[in-house]
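Notes follow once the structure below has been shown.
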Amino acid sequence: MNLAAPDNSGAASLEAIARNGSLLRRIAVRIPTYMTDLRENPAWLPMFMLARTMPGRRMHWLGARRARPLENAEETMFASADRGRAVQALRSEGLFSGLMLPRAIHEEIAAFANRTPCFGNFDRRLEFMPQEHAEAERRFGRSLLSGHYFERILDCPAALAIQKDPLLLDIAQHYLGGQAKLITTRVWWSFPTGKASDADKNLASLGKYHFDLDDWRMLKFFFYLVPVDAGTGPHVYVRGSHRRRALKHQLTLLVGHSAEEVLGVYGPQSPVTLTGEAGLGFVEDPFGFHMGTVPAHTPRLMMEVGFGVSKPSRRRFHGEPVIR
Ligand SMILES: O=C(O)CCC(=O)C(=O)O
């Protein structure tokens, strides 16, 4: 696979307009990205138009193939995990929590992250060491809410071990169907910063409920690589929101909606805030509404391994949101 990433210069400002400007402007700035996605995979267009509607999704789920038994299923690092329970919880709630990484694995990734420069706000020009976050904000003259490793994370054997763990593929194939394949692997920091604009937060998927629309059927495994409490920007998932969708949220090009609107549909008890120790993993159907929150005091280091059923997008493999 060619993992060379496209030049992302200006991506942050484009994405900022895309999330905050008028609807027409928001669509207009994304057109080059849409065109690239379309050229790379023409089947992207029907997905983009129809996968947001419940009838479209239901039709697509009918094509889910039976999962094949994995020959190396026993070789998982998640000794006590139960695939059946995970898949059942995903079907009913859209979320399963309680996968625990071995200590040596999450410590190795955290050590890698601490000695490797990351890229701020998805912009390859904003490169800095994570410990030097405050200094980097001064140097670049802007708030840095996220720091991604993009393809650099493939140099970390522990991250590759998670990406290739048979339990993840097994859960993905039993939930999404036998077509399930790896579509993303990313590791990134979310940093506390007093100065983040709404555009920065939107770019980092923080602070606003949204659903993902990168494929017809998707599953995302998230792992915390540092302890995460209420002040470390925990992830939030709205239980049950993967199974039903208000018509107004199907018939719009927007994927982000206010908490008031989302909780108005699913109820105030529906969000789960995921806090826990370093190594905690959870898996979700990202068609359900979810968001990260902005860390109040401690940086959060997190890994995502995503599965889908279509050809993976080269651009999105490590999380890059927009190209020019
Ligand atoms: O940072 C987070 O917890 C949220 C990530 C997210 O929303 C996504 O990957 O779609």
- Query: Can you find a residue in region 304-321 that is modelled with pLDDT of 95 or more and assigned to a loop (DSSP other than H, G, I, E, B)?
  - Reply: yes
Picking from Asp165, Asp155, the residue that is modelled with pLDDT of 95 or more and closer than 16 Å to Leu99 by Cβ would be Asp165
Scanning region 88-107 residue by residue, those surrounded by 16 or more Cβ atoms within 10 Å (Cβ to Cβ) and among the small types (Gly, Ala, Ser) turn out to be Ala89, Gly94, Ser97, Gly98
Scanning region 232-265 for residues that are touching a residue at least 24 places away in the same chain (Cβ under 8 Å), more than 30 Å from Gly194 (Cα to Cα), among the hydrophobic types (A, V, I, L, M, F, W, C) and outside any helix (DSSP H, G or I) gives Leu251, Leu253
Scanning region 114-130 for residues that are outside any strand (DSSP E or B) and in contact with a Phe, Trp or Tyr (Cβ under 7 Å, 6 or more places away or on another chain), the one farthest from Leu203 (Cα to Cα) turns out to be Thr116
Going through region 266-290 in order, the residues found to be within 11 Å of the ligand (Cβ to nearest atom), buried (at least 23 other Cβ atoms within 10 Å of the Cβ) and either on the phi > 0 side of the Ramachandran plot or outside any loop (DSSP other than H, G, I, E, B) (or both) are Glu284, His290
- Query: Going by the conditions given, is Arg243 closer than 22 Å to Arg85 by Cβ, of a type in the set (Lys, Arg) and more than 17 Å from the chain's Cα centre (by Cα)?
  - Reply: yes
- Inspect region 293-301 for any residue being more than 12 Å from the ligand (Cβ to nearest atom) and closer than 19 Å to Leu160 by Cα and give the result as yes or no. no
* Any residue at all in region 189-197 that is among the aromatic types (Phe, Trp, Tyr) and touching a helix residue (DSSP H, G or I) at 6+ places or on another chain (Cβ under 7 Å)? -> yes
Counting only residues in region 182-231 that are within 13 Å of the ligand (Cβ to nearest atom), part of a loop (DSSP other than H, G, I, E, B) and not hydrophobic (A, V, I, L, M, F, W, C), the one surrounded by the most Cβ atoms within 10 Å (Cβ to Cβ) is identified as Asp215
Selection status of Val228, of a type in the set (A, V, I, L, M) and in contact with a Lys or Arg (Cβ under 7 Å, 6 or more places away or on another chain):
yes
- Message: Kindly evaluate Ala172 against the criterion of being of a type in the set (Gly, Ala, Ser) and over 21 Å from the mean Cα position of the chain (by Cα).
- Response: no
Note: among Arg244, Arg314, just one is surrounded by 15 or more Cβ atoms within 10 Å (Cβ to Cβ) and under 19 Å from Asp212 (Cβ atoms), namely Arg314
Checked Ala111, Ala104, Ala89 against criteria (in a helix (DSSP H, G or I), touching a strand residue (DSSP E or B) at 6+ places or on another chain (Cβ under 6 Å) and either over 23 Å from Thr184 (Cα atoms) or at pLDDT 95 or above (or both)); the one match is Ala89
Taking region 57-83 and keeping residues in contact (Cβ under 8 Å) with a residue 24 or more places away in the chain and more than 20 Å from Leu101 (Cβ to Cβ) leaves Arg57, His60, Trp61, Gly63, Ala64, Arg65, Arg66, Ala67, Arg68
A careful count of residues in region 253-265 that are surrounded by 12 or more Cβ atoms within 10 Å (Cβ to Cβ) and either under 15 Å from Asp212 (Cα atoms) or within 16 Å of the ligand (Cβ to nearest atom) (or both) gives 7
The residue that is nearest to Asp214 (Cα to Cα), considering only those in region 71-87 that are surrounded by fewer than 16 Cβ atoms within 10 Å (Cβ to Cβ) and among the hydrophobic types (A, V, I, L, M, F, W, C), is Ala73
Considering residues that are part of a loop (DSSP other than H, G, I, E, B) and surrounded by fewer than 15 Cβ atoms within 10 Å (Cβ to Cβ), the number found within region 56-69 is 6
All-but-one check, Glu277 against (1) in contact with a Lys or Arg (Cβ under 8 Å, 6 or more places away or on another chain); (2) within 28 Å of Pro157 (Cα to Cα), failing number (1)
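The values are calculated or read from the model by the stated rules, or taken from the named source; none is laboratory data. These figures come from a predicted structure and were not determined experimentally. Reconstructed Cβ throughout: ideal geometry from the backbone, glycine too, with neighbour counts over all protein chains shown.
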